[in-house]
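This report concerns only the one structure given below.
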Amino acid sequence: MTRRAGRGFDVNSAGRAIVFERGALLAVLLLATFLRFFALDQSSLWSDEGNTWAMLGRDFGAIAQAAAADIHPPGYYWLLKLWSLLFGTSAYAMRSFSALAGVLTVLVVARIGRRAVPGNPGRWLGLLAAFVAAVNPFQIYYSQEARMYMLLALESAVLFWALLAMADVRENISTQRRREAEAQEGEALTQRRQDAKTHISQSLNLSISQSPNLQSPNLQSLLSQTTFVLAGIAGLYTHYSFPIILAAAGLAYLARWLRHRLTPSPPHPLTLSPSPVRFITLNALILLAFLPWLPVALPAVLNWPKGGVAVGWLEGMALTLRTLLFGPLRAVPEPLWPWLLAAALLPVAGLIAMRRRWSSLVLGLWLLLPIGLMAGFGLFTPAFLKFLLVASAAWCLLVAAPALVTPCIWPGAAAIVLFAAGAAVATLPAYYTDATARDNYRGVAAYLAATGDPATDLVLLNAPGQQEVWRYYDPGLPVLALPAQRPADPEATAQALTAATADRRMVYTLFWATDEADPDQVVERWLDEHAFKGLDAWQGNVRFVTYALPTNLAQQPVADARFGDHIALVGQAQPAFPQQVVAGEPLLVQLQWQASAPITASYAVAVQLLDSRSQVIAQHDSLPAGGARPTAGWQPGEQVIDNHALLVPFGAPPGVHRLIAALYDPATGARLPVGAADHVALGEVVVARAPAVPVDVLPIQHRVHQDFGGLHLIGYDAYRKDFAHAPATPLTPGDLAHFTLYWQAPDPLPADWPADAAFTLRLGDQTLTATLAGGGYPTAQWSPGELVRGEFDLLFDGSAHRPTLTVGEQMIDLRELP
């Protein structure tokens with residue numbers, strides 16, 4: 001009859017157990033490698049990674065000098081500099097260093113689990129925790145970033161592995177097992193046999209971290225102590241938050257020392273390893289190695305940039321759990337609360353499962369001290385939540401631990417695997433294909449390379465931290481960084497903007513970290529008042545805004561343009577009548593308002609470009625003068641200049657379209673009447689075909705990338721009609737749902753390319769069949785690879801919220817409407 005020395009694991013053959021462990025660990029490491037190196041340079045470098053790239057252009061001494069003026073020590077940059085000498089400074093090369101650190105972290109997690117619990121349960125804990133770490137989106141995200149945080153997580157894990165190795169956990173656990181055996185006399189014989197088999201298995205376990213020539217206790221002790229010191233030194237030179245990890249290790253050792261002192265000696269007492277004097281000496285060596293940098297580190301820590309926010313404990317806990325489970329990924333499963341509940345309960349169950357072991361205290365302190373630091377200083381913002389990465393390995397180990405106490409380990413292990421894999425499957429596919437997973441400087445630069453003109457255009461960066469990453473992707477346009485100081489000097493900034501834009505046609509602005517760089521929005525206010533705002537799109541956490549500068553506008557009065565009782569549109573100005581514009585460029589219109597009585601309500605302005613079917617081709621909504629002159633407060637006789645730039649979107653069908661303006665209540669969407677109508681006509685606009693541009697930077701609500709036999713659907717927008725400014729507005733039965741479909745023609749066009757292809761859109765009981773661009777621009781006129789938009793309305797009857805789209809024989813489900 002087969003005997004078992006661990007729940008659900010056959011150790012009748014110790015060699016079989018070792019083969020299984022090694023094979024499973026190798027599979028987990030290969031999975032971790034794939035997930036970290038896959039699509040490694042899919043997303044753009046962002047500003048901090050641009051700073052990393054700039055550091056690599058310096059020698060080692062210059063790196064130290066630059067780091068002294070920064071908020072990070074130089075250790076990571078020194079190591080990456082060595083790495084770059086071998087592999088270069090491309091985005092892939094720089095990020096591959098972090099990816100390797102991420103894979104090594106998974107390996108160390110496996111070894112910690114093996115150390116934390118003896119015997120076959122330790123094998124299971126190590127393998128399960130390694131799998132959780134391998135597929136953890138939090139770790140994967142930062143394994144694909146050219147910053148120091150994954151290296152910091154690796155150093156934290158190595159430090160705690162060394163702590164457990166120094167403490168000789170297995171010997172400590174054997175004492176506990178003897179006490180349990182004495183309390184359970186009826187199971188004494190079974191327990192001794194189980195311990196004997198565990199000892200045999202462990203003696204044959206030639207693990208990855210223990211080669212045969214290192215089996216001597218003295219050599220193992222020297223190795224673990226040396227590793228502890230090196231990991232501590234490396235951690236301090238990597239990030240100034242590492243002392244919290246040293247503190248957690250110190251508290252764990254102190255608890256073990258107290259337990260050793262207070263516990264009555266057994267018949268064969270065990271010595272405490274390492275001794276208190278030795279442990280203090282090891283920490284002193286770490287501090288001694290950091291002393292040369294300490295005078296630089298202290299001012300940097302004491303003057304750490306403020307940026308945290310005060311949140312309630314419940315919200316703080318939710319942010320912590322979401323970060324540990326999903327990291328900064330935006331596409332998370334809904335509803336979210338079951339995932340967060342599991343992310344909280346599993347580590348608690350893990351602590352309970354390991355409660356008799358000192359290693360449970362080690363993992364608990366490792367997890368909770370960094371979280372306590374975040375809570376104590378209110379560091380619950382994206383800039384600081386990544387510091388939780390140092391505790392991620394502890395969270396993975398505790399998430400895996402509950403499987404050890406299930407009656408049979410297989411069901412518990414399967415549940416842990418399904419939980420971790422489910423979190424990965426729910427988030428990673430969208431992450432790998434999201435061009436804005438990080439700030440999309442590469443996409444913006446590609447856009448400007450296709451549309452910008454160095455002779456007439458200007459790039460404006462509102463934060464100095466963007467300059468390095470912009471140099472990495474530089475499309476060749478002139479660049480100006482403003483404001484020049486913090487806080488911004490309004491007069492000096494205005495003078496600099498006036499001089500810089502004097503001979504410019506377009507200003508392309510990248511707003512990043514505005515709360516710190518320009519909290520009074522001096523730059524944006526000046527641009528709103530002196531230029532025409534066009535595209536305004538978030539590219540990750542950077543906001544890309546285009547402004548057109550007015551030149552030689554032609555004035556034209558507007559007849560019979562009274563909105564409501566007291567607001568009149570007395571004039572308008574455009575570059576020409578009719579205005580001619582290429583798709584992808586801004587359409588400029590200046591509105592001149594005048595009130596006949598004091599206005600107390602706040603209205604928004606909508607300027608729309610409509611096609612022959614009255615479908616909206618382009619739209620710009622804002623408060624007057626970009627928000628600088630809201631209608632609330634207008635006085636009688638006062639004239640208000642209100643500039644609008646409508647970005648005629650790429651893909652807009654060429655032809656003649658009409659321009660209108662309206663005033664509406666932003667809370668309800670209700671328009672003010674203009675006689676019997678609700679808008680005023682501003683003339684015609686001639687739109688020409690656009691050049692080819694990268695589609696990643698275009699503001700598309702839902703990206704699909706679906707192929708229909710050569711025809712490509714890039715994505716679509718869907719919202720309640722006339723609510724493009726508020727696409728989450730719920731629909732009610734009787735409303736019109738508006739759809740914008742973004743098509744791309746194959747390149748080259750096939751011989752059987754249709755004269756005018758059609759599609760069918762279904763929403764509940766309502767059906768719409770139409771040509772791809774609505775009939776005004778048949779597919780026979782499309783160019784190879786051309787992007788074309790189609791605008792359509794469909795009645796919402798309340799019978800269903802999820803539309804379907806059919807082209808030919810293929811049908812896809814679209815997302816549910818709000």
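The values are calculated or read from the model by the stated rules, or taken from the named source; none is laboratory data. Because the structure is predicted, anything quoted here is derived from the model rather than measured. Using ideal geometry, Cβ is built from the backbone for each residue, glycine included, and neighbour counts are taken over all protein chains shown. With ligands, DNA and RNA removed, areas are computed over all heavy atoms of the protein, side chains included. Shrake-Rupley method; radii C 1.70, N 1.55, O 1.52, S 1.80 Å.
Rounded to the nearest Hz, the phi-derived 3J(HN,Hα) couplings of the range 223-231 under the Karplus curve 6.51 cos²θ - 1.76 cosθ + 1.60 (θ = phi - 60°) are 4, 5, 5, 5, 4, 4, 5, 5, 5, where x marks glycine and proline. Amide H contacts of residue 735: 796, each under 5 Å away and 5 or more positions distant or on a separate chain (H built 1.01 Å from N in the peptide plane; Pro and chain starts excluded).
What the chain shows is 42 Å² of accessible area per residue, with the surface traced by a 1.4 Å probe over protein heavy atoms.
Rounded to the nearest 20 debye, the dipole magnitude of the chain is 4760 debye, with +1 charges on Lys and Arg beta carbons, -1 on Asp and Glu beta carbons, and the Cα centre as origin. Can you check what the Kirkwood hydrodynamic radius comes to for the range 27-173, Cα pairs only, in Å to one decimal? Mean inverse Cα-Cα distance, inverted, gives 16.3 Å. Converting phi to 3J(HN,Hα) with the Karplus coefficients 6.51, -1.76 and 1.60 and the offset θ = phi - 60°, the range 103-109 yields 5, 5, 4, 4, 4, 5, 4 Hz in sequence order, with x at every glycine or proline. In this entry, the range 455-583 is assigned a mean projected area of 10.6 nm², taken as a quarter of its C-alpha convex hull surface. The solvent-accessible area of residue 472, taken with every protein chain present and a 1.4 Å probe, is close to 60 Å². Give the aspartates and glutamates reachable from residue 386 as a straight Cα distance under 14 Å; neighbours fewer than 8 places away on the same chain don't count. Filter leaves 48, 145. Taking amide H as placed 1.01 Å from N in the peptide plane, residue 617 has its amide H under 5 Å from the amide H of 609, 610, 611, each at least 5 places away in sequence or on another chain. Within the range 695-797, the proportion of C-alpha pairs whose separation exceeds 16 Å stands at 59%.
Extents of the range 527-666, taken as max minus min of Cα coordinates on every principal axis and listed largest first, are 43, 38, 30 Å. For the range 33-76, chymotrypsin sites (Phe, Trp or Tyr not before Pro) meeting the loop criterion (DSSP other than H, G, I, E, B) and having at most 14 other Cβ atoms within 10 Å: 38.
Computing FRET efficiency as 1/(1 + (r/R0)^6) for residue 638 and residue 767, where r is the C-beta to C-beta distance and R0 is 51 Å, gives about 0.50. A simple spin-label model places pseudo-atoms 7 Å from Cα toward Cβ; at residue 576 and residue 529 they are separated by 3.2 nm. Think of the chain as having a plus end and a minus end, set by charges on the Cβ of Lys, Arg, Asp and Glu; of 318, 84, 132, 132 sits farthest toward the positive end of this dipole. Looking at the chain, the DSSP beta bridges with both ends there are about 85 percent antiparallel. Among 760-768, 520-528, sorting by the average number of other beta carbon atoms lying within 10 angstrom of each residue, highest first, gives 520-528, 760-768.
Remark on residue 438: its backbone amide H falls under 5 Å from those of 44, a criterion applied only to residues 5 or more positions apart or on other chains, H modelled at 1.01 Å from N. In order along the range 394-411, the Karplus-derived 3J(HN,Hα) couplings, from 6.51 cos²θ - 1.76 cosθ + 1.60 at θ = phi - 60°, round to 4, 4, 4, 5, 6, 5, 7, 5, x, 5, 6, 9, 6, x, 10, 5, 4, x Hz, and Gly and Pro are given as x. Per the Debye formula on identical point scatterers at the alpha carbon atoms of the chain, with no solvent, log10 I(q)/I(0) at q = 0.06, 0.09 Å⁻¹ is -0.50, -0.97. The peptide list 94-102, 118-126, put in order of mean Cβ contacts within 10 Å with the highest first, becomes 118-126, 94-102. For an R0 of 35 angstrom, estimate the FRET efficiency from the Cβ-Cβ distance between residue 614 and residue 555 and round to the nearest 0.05. In this case the efficiency is close to 0.80.
With N as its number of residues, the range 349-394 has a Cα radius of gyration that, divided by 2.2 N^0.38 Å, comes to 1.29.
Using the Kirkwood radius over C-alpha pairs as Rh, can you work out the diffusion coefficient of the range 389-473 via Stokes-Einstein at 37 °C, viscosity 0.692 mPa s, in µm² per second? Intermediate values should be presented prior to the final figure.
Details: Rh = 17.4 Å.
Estimated via Stokes-Einstein, D reaches 189 µm²/s.
Short-range pairs are left out: with C-alpha atoms under 8 Å and at least six residues apart, the relative contact order of the chain is 9 percent. On a per residue basis, the convex hull of the C-alpha atoms belonging to the range 641-743 measures out at 171 Å³. Note on residue 281 and residue 222: the model spin-label points, each 7 Å out from Cα along the C-beta direction, lie 1.4 nm apart. For the pair residue 291 and residue 92, a Förster radius of 25 Å applied to the C-beta separation gives a FRET efficiency near 0.10, rounded to the nearest 0.05. Considering Cα pairs under 8 angstrom that are at least six residues apart, work out the relative contact order of the range 338-441 and quote it in whole percent. Averaging sequence separation for qualifying contacts and normalising by length gives 30 percent for the range 338-441.
The residue list 609, 470, 99 was ranked by how far each Cα lies along the charge dipole of the chain toward its positive end, using unit charges on Cβ atoms, and 99 comes out on top.
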